[in-house]
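Participant: Provided herewith is a single structure, encoded as structure tokens, for subsequent inquiry.
The values are calculated or read from the model by the stated rules, or taken from the named source; none is laboratory data. Treat the numbers as computed from the prediction; the structure is a model and nothing was measured. FYI the Cβ positions are ideal-geometry reconstructions off the backbone, even for glycines, and counts take in every protein chain you see.
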Amino acid sequence: MIEEAEQFADQDKEIKEKLDAKHQLENYIYQMRNTIEDAEKLADKLDEDDKTLIADALQEAQDWLSSNDEAEKDEFEEHFRSLQSVCDPIIAKVYQDAGGQGGMGDDDEEFEDL
């Protein structure tokens, strides 16, 4: 009985880790979409090419997510890292170009968690 409970505990842990990885990707997509669409955040500071690049990457990730609901934890994590590799350098460049100009400081906290 104890062995069975331990087996279920391991399965529960794997399921939780998978769901955490999926939610991390979903949340990142949501936050980045809000970032590029909200003028009070960064939308008005992004050039159109960068905004399009991010929007396309977000759509691709969302499409993959929609058709791979039962993917494994590693797959969710890989797509998250891939999406970050597109978005984060652009966002960092915007912050760097702004050089601490008004209105940018409040958003720094948003990206510390990402």
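Participant: Looking only at region 23-52, which residues are under 15 Å from V94 (Cβ atoms), in a helix (DSSP H, G or I) and in contact (Cβ under 8 Å) with a residue 12 or more places away in the chain?
Facilitator: Q31, M32, T35, I36, K45, D50, K51
Participant: While we're on this one: Sort out which residues of region 55-100 are of a type in the set (D, E) and outside any helix (DSSP H, G or I), and write them in order of number.
Facilitator: D69, E70, E72
Participant: Just to be sure before I move on: is E4 outside any helix (DSSP H, G or I) and at pLDDT below 95 in the structure I sent?
Facilitator: The answer is no for E4.
Participant: Does region 67-88 hold any residues that are over 13 Å from the mean Cα position of the chain (by Cα), modelled with pLDDT of 95 or more and loosely packed, with under 12 Cβ neighbours inside 10 Å, and which are they?
Facilitator: Hits for region 67-88 are S67, D74.
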